[in-house]
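Following: one structure in structure tokens, then a few remarks.
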Amino acid sequence: MAATAPAPAPAPPAAAPAQSPTAAPATPAANSTPTAAAPPPPAAPAPPPTATPLSAALSGPFPGGRVVRLHPVVLASIVDSFERRNEGAARVIGTLLGTVDKHSVEVTNCFSVPHNESEDEVAVDMEFAKNMYELHKKVSPSEIILGWYATGHDITEHSVLIHEYYSREAHNPIHLTVDTSLQNSRMSIKAYVSAPMGVPGKTMGVMFTPLTVKYVYYDTERIGVDLIMKTCFSPNRVIGLSSDLQQVGSASARIQDTLSMVLQYAEDVLSGKVAADNTVGRFLMDLINQVPKIPPEDFETMLNSNINDLLMVTYLANLTQSQIALNEKLLSL
């Protein structure tokens, strides 16, 4: 079931993104208790507390301004849905899922939503979006609808209509734009929230206020991000997964390079080439205090023992895999 909304005939109400965010006026609490002169009958039980709306988390002054924390899996999913779009489709849209805290909004997941756009109207498959969200809630109950995304570098007339639909699903939703056309050879990623503007009782419009976008990742996502970055240096943009020993070797090389940089900085400070920085000194002191005090001989013995254990486990795993493959060949004869 698709909901169709006609596009506005005159000039669109959407305005260009504002340079400075404007906070929406505060609204009175919905569950405030009215006063009465006559003694009322026994009061009904108070309604259960509702979840913190997205607007409450965004309107409050928290450190760093309004921040949207974006995970790389969301960007990968958006780009994949754009590459798999229907023939003739100019862009794709979808729902953003994640969590809200006191300081920021964290977008951790998303899914695409079928839609059709023309010059006169836009149709969004609302039933599909609701079913997909119900399925996502079974896997990740903590994720809620934060807003929606669209590919493209600008906000169009139809964006206002689609944003109005998501305003019924999430209070003050986020609109994320991903420039898949790579203008200026960069994938521009921007986030907005909407605010009404205009003269009351007259023509009303919507103003999209930009938000700060920061990129965060889990440790498991970091592996994929590092692997994707390595393809930039490959001529055919293809690279294979590295083995455990290669990962240990690359990590050791990075640690060695970092230690060499720290030692060079300390020598430059002692020789007077670089001015001392108290902040860097405190950070280095905290780092040194976190290193366990182990004699070099004991540390080398412990490291060699762990490496031997790793090699033994790897050997046994490969041997087991070979035995299983040989057994399958024999059974197939």
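The values are calculated or read from the model by the stated rules, or taken from the named source; none is laboratory data. Source: prediction; values computed, not measured. Counting neighbours? That spans all protein chains shown, and the Cβs are built from the backbone with ideal geometry, glycine included. Keep in mind that these areas ignore ligands, DNA and RNA; they rest on the heavy atoms of the full protein, side chains included. Shrake-Rupley method; radii C 1.70, N 1.55, O 1.52, S 1.80 Å.
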Anchor Lys102: lysines whose Cα lies under 30 Å away (excluding residues fewer than 8 positions away in-chain): Lys130, Lys137, Lys138, Lys190, Lys214
Simple spin-label estimate for Gln323 and Asp244 in nanometres, 7 Å along Cα-Cβ: 1.7 nm
Radius, Kirkwood style, for the range 149-280 when every pair of distinct Cα atoms is counted (Å): 20.2 Å
Theoretical gain in end-to-end length, Thr231 to Met285 [0.36 nm per residue, Cα-Cα removed]: 15.7 nm
Cβ-derived FRET efficiency at R0 30 Å, Glu127 paired with Met204, nearest 0.05: 0.55
In Hz, Karplus ³J(HN,Hα) per residue of the range 154-171 (6.51, -1.76, 1.60; θ = phi - 60°; x = Gly, Pro): 9, 8, 9, 4, 6, 4, 5, 5, 5, 5, 5, 5, 5, 5, 7, 9, 9, 6
Length added when fully stretched, Ala253-Tyr315, from 0.36 nm per residue minus Cα-Cα: 19.9 nm
Rounded FRET efficiency, nearest 0.05, which uses the C-beta distance separating Ala90 from Gln183 and R0 of 22 Å: 0.90
Rounded to the nearest 10 Å², the accessible area of Val73 at probe 1.4 Å: 70 Å²
Placed amide H near Gly205: partners under 5 Å, 5+ positions off or other chain: Met197, Gly198
Probe 1.4 Å - accessible area at Met197, Å² to nearest ten: 80 Å²
